Amino acid sequence: MKRLASFVISAIAATWLGASAILAIQNYTPVSLRFLNYQSIEMPLGLVLSFSVGLGMLGMALLTPLLGLSSHATEEQE
């Protein structure tokens, strides 16, 4: 069962990465990000999307064990 779950998770991650790569290639329009008074340099929208997806996946991978969201943490508490 663990192998199937790992495969499904990997397939979902690969699909999202493939979709973001396709969007990165198709969206070459330069954009600049603004936050409060700060403005970034202009970069392609696809690149911003790819970085956002990558940072989101990395953030969840780091936060899951820290917040105890894994299935192992719930099994150990019982």
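The values are calculated or read from the model by the stated rules, or taken from the named source; none is laboratory data. A quick note: this is a predicted structure, and the numbers were derived from the prediction, not measured. Virtual Cβ from ideal backbone geometry, glycine too; neighbours counted across all protein chains shown.
Some values worked out for this structure:
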| quantity | calculated |
| --- | --- |
| Conditions (1) modelled with pLDDT under 80; (2) touching a Leu at 6+ places or on another chain (Cβ under 9 Å); (3) small (Gly, Ala, Ser): number failed by Ser71 | (2) |
| Restricting segment 26-71 to residues that are loosely packed, with under 11 Cβ neighbours inside 10 Å and among the β-branched types (Val, Ile, Thr), the residue that is farthest from Ala5 (Cα to Cα) | Ile41 |
| Candidate set: segment 36-68, residues that are touching a Ser or Thr at 6+ places or on another chain (Cβ under 9 Å) and more than 26 Å from Ala19 (Cβ to Cβ); chosen: the one modelled with the lowest pLDDT | Gly68 |
